[in-house]
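A short worksheet on the structure shown next.
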């Protein structure tokens with residue numbers, strides 16, 4: 001780990017509780033949430049795999065997956081230059097320059113940037129809301145992260161299908177209210193849904209996240225895994241959440 005990484009105004013360094021890794025964040029822009037951490041725990045990457053994270057933000061998913069898997073190399077693609085710069089400095093802060101590459105670019109142009117069938121695994125924590133759903137400031141970084149302003153769900157799935165080698169896996173976290181749309185688009189682009197896990201804030205509440213795995217060219221058969229419950233009481237995580245976070 002290196003210490004010669006400069007912080008900019010409003011930035012802070014947070015401990016990720018994994019391999020002593022840290023991440024630079026800016027509370028004025030967009031800080032990673034539990035969804036990114038859960039996706040990094042749900043996604044699988046084998047020894048030697050090449051992994052791409054679409055819309056990587058501050059690089060949280062590649063950094064956590066580097067700690068949790070034996071992937072050979074991880075790449076994060078981010079359209080917002082300031083976030084990509086923050087992610088690159090976090091990579092350098094953790095001494096991971098040889099394992100993680102951050103690229104500034106558009107998800108809609110990912111195949112042109114990297115080439116077809118160039119990854120074994122693609123992950124994405126995309127914007128959940130359609131363009132005008134509750135939108136307040138369309139120019140703000142937080143709005144870009146949460147709303148489909150710069151890419152749509154179909155952009156993410158369509159590009160992922162082309163980026164994956166045959167047999168490669170796609171992992172995404174999203175909202176359950178869009179599950180029908182997600183599955184229809186996955187099958188449209190020949191990404192067969194294989195695993196799904198619903199995430200519930202409390203055992204007696206409706207799910208507010210869905211984790212899904214799809215395989216390029218896979219045969220039809222999906223496993224619905226046991227639910228993940230976040231809190232056993234207000235402010236107290238369940239043991240499974242503590243395990244995913246590494247506490």
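The values are calculated or read from the model by the stated rules, or taken from the named source; none is laboratory data. Bear in mind the structure is a predicted one, so any value in this text is a computation, not a measurement. A quick note on method: Cβ atoms are made from the backbone with ideal geometry, for glycine too, and the neighbour counts reach across all protein chains shown.
General observations
- Of all residues in the range 28-40, exactly one satisfies the criterion of being assigned to a loop (DSSP other than H, G, I, E, B) and farther than 18 Å from residue 84 by Cβ, namely 33.
- Residue match in the range 166-179 (condition: surrounded by fewer than 20 Cβ atoms within 10 Å (Cβ to Cβ), in a strand (DSSP E or B) and modelled with pLDDT of 95 or more): yes
- The set of residues in the range 1-18 being closer than 23 Å to residue 228 by Cβ and modelled with pLDDT under 90 consists of 17, 18.
- Residue that is modelled with the highest pLDDT, among those in the range 126-153 that are within 16 Å of the chain's Cα centre (by Cα) and not in a loop (DSSP other than H, G, I, E, B): 153
Table: residues versus (1) more than 11 Å from residue 100 (Cβ to Cβ); (2) in contact with a strand residue (DSSP E or B) (Cβ under 7 Å, 6 or more places away or on another chain).
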| residue | (1), (2) |
| --- | --- |
| 39 | yes, yes |
| 51 | no, yes |
| 56 | no, yes |
| 69 | yes, no |
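- Matching residues, the range 180-189, being out of contact with any strand residue (DSSP E or B) (no Cβ under 8 Å at 6 or more places or on another chain) and either surrounded by fewer than 18 Cβ atoms within 10 Å (Cβ to Cβ) or not in a helix (DSSP H, G or I) (or both): 180, 181, 184, 188, 189
- Hits in the range 73-125 - residues which are part of a loop (DSSP other than H, G, I, E, B), touching a strand residue (DSSP E or B) at 6+ places or on another chain (Cβ under 6 Å) and surrounded by 20 or more Cβ atoms within 10 Å (Cβ to Cβ): 125
- Residues (within 16 Å of residue 126 (Cβ to Cβ) and more than 8 Å from the chain's Cα centre (by Cα)) located in the range 38-47: 38, 42, 43
- Per the listing 240, 192, the residue uniquely assigned to a strand (DSSP E or B) and touching a residue at least 12 places away in the same chain (Cβ under 8 Å) is 192.
- Single residue of the range 228-244 satisfying the filter (under 19 Å from the mean Cα position of the chain (by Cα) and surrounded by 17 or more Cβ atoms within 10 Å (Cβ to Cβ)) that is nearest to residue 65 (Cα to Cα): 244
- Answer residue from the range 41-66, given it is in a helix (DSSP H, G or I) and without any contact (Cβ under 8 Å) to a residue 60 or more places away in the chain and is nearest to residue 194 (Cα to Cα) among those: 65
- Of the residues making up the range 204-227, one or more are without any contact (Cβ under 8 Å) to a residue 24 or more places away in the chain and either surrounded by fewer than 14 Cβ atoms within 10 Å (Cβ to Cβ) or in a strand (DSSP E or B) (or both).
- Scanning the range 149-175 for residues that are touching a strand residue (DSSP E or B) at 6+ places or on another chain (Cβ under 8 Å) and more than 14 Å from residue 125 (Cβ to Cβ) yields 159, 161, 163, 164, 165, 166, 167, 168, 169.
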